[in-house]
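Only one structure is covered here, and it is reproduced in the block below.
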Amino acid sequence: MRTILVVANETIGGPKLLERAREEAAKGPVRIVLCVPRKNPTHGNVIYIESAYDAAQVRIDLARSVLREMGIEAIGEVGDPDPYTATMDAIAEYKPDHVIVSTLPAAASGWLRRDFVERIAEAAGVPVEHVVTDMDQDHVAFDVTLVVANRTASSEALLAQLKALVGAGGQHGRLFIFVVPIEGGDGLAARAARARLDQVIDRARAEGLVAAGMTGDPDPYTATMNAVNFFHIDDIVISTLPETRSGWLRADLIERVRKASNKPVTHIVDQPAGAPTPA
């Protein structure tokens, strides 16, 4: 079986890259190894390393889901923040027969400004191919919805809204990226956020939704805008407690995100049982 290493970040779900994977699979048995260098967030005063790692893992999980739907075996790992180091580490680990590097166009790609592809081609010892994807212009076969929630993450109202979005998607598929902000800076808060995230992803997948997710900065605005920067988002769903109990609404989160992201934002209000603390 041939092994193809795919190195990408924003473009990992791009149509050109998926088409190349389909072409390689048509030639015979192939295993795709996905390498996504982690990317530090642009919002907030504190960098939460776990969130940066999660963001890269989300890309891998969603790409693997799409490839699996295409009948293509895929594995993946989060790489070093330096894309050259991440790629060479993956080459040493998986011994690929071929390397595909996927980037944004030159004007938007920090990787290309560092002669990344040329450096990999010189050092890899195997064929290296460069695929360029303009995520704003190339046709994408699915929409991506960012879902931001914490204490209401597993609410029936939120799940019903997400299922309705899938039903209204027409010919496009839909991927869901969940973000659960950490309520506080200690380890217990991080574990609680992780537990909520795991639970909502399990429920979403049980309903047949393609979903992955990450924990985020304690400030929900920062967590949301970092995710908008990490991913190519089509729309945003924010779930909160009612206004009288929601710190997010008192901080005008919905309008701030709508103005800053320039994306459609849907607000879902829910009242989960046994949750006296504000969202």
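The values are calculated or read from the model by the stated rules, or taken from the named source; none is laboratory data. In this text the structure is predicted, and so the values were computed from the model without any measurement. Here the Cβ positions follow ideal geometry from the backbone for every residue, glycine too, while neighbour counts run over all protein chains shown.
Tabulated data for the structure shown
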{"item": "Some residue of region 197-207 being free of Cβ contacts under 8 Å to residues at least 24 places away in the same chain, surrounded by 16 or more Cβ atoms within 10 Å (Cβ to Cβ) and under 30 Å from Val78 (Cβ atoms)", "result": "yes"}
{"item": "Qualifying residue in region 55-67 (condition: within 20 Å of the chain's Cα centre (by Cα), outside the structural domain of Gln199 (by TED's automatic domain parsing) and assigned to a strand (DSSP E or B))", "result": "no"}
{"item": "Cross-chain or 6+ apart pairs with Cβ under 6 Å, region 244-268 first and of a type in the set (D, E, K, R), then surrounded by 14 or more Cβ atoms within 10 Å (Cβ to Cβ) and in a helix (DSSP H, G or I)", "result": "Arg256/Tyr221"}
{"item": "Residue satisfying all of: in region 230-262; buried (at least 17 other Cβ atoms within 10 Å of the Cβ) and among the hydroxyl-bearing types (Ser, Thr, Tyr); nearest to the chain's Cα centre (by Cα) among these", "result": "Ser261"}
{"item": "Extreme residue, farthest from the chain's Cα centre (by Cα), among residues of region 6-32 that are farther than 20 Å from Asp143 by Cα, assigned to a helix (DSSP H, G or I) and not charged (D, E, K, R)", "result": "Ala26"}
{"item": "Number of positions in region 88-117 that are touching a residue at least 40 places away in the same chain (Cβ under 8 Å), over 23 Å from Asp54 (Cβ atoms) and outside any strand (DSSP E or B)", "result": "4"}
{"item": "Residue within region 76-87 that is modelled with pLDDT of 90 or more, assigned to a loop (DSSP other than H, G, I, E, B), of a type in the set (D, E, K, R) and in contact with a Lys or Arg (Cβ under 6 Å, 6 or more places away or on another chain) present", "result": "no"}
{"item": "Strands (runs of 3 or more DSSP E) contained in region 118-216 and holding at least 3 residues modelled with pLDDT under 95, within 17 Å of Gly13 (Cβ to Cβ) and under 15 Å from the mean Cα position of the chain (by Cα)", "result": "142-148, 173-181, 210-216"}
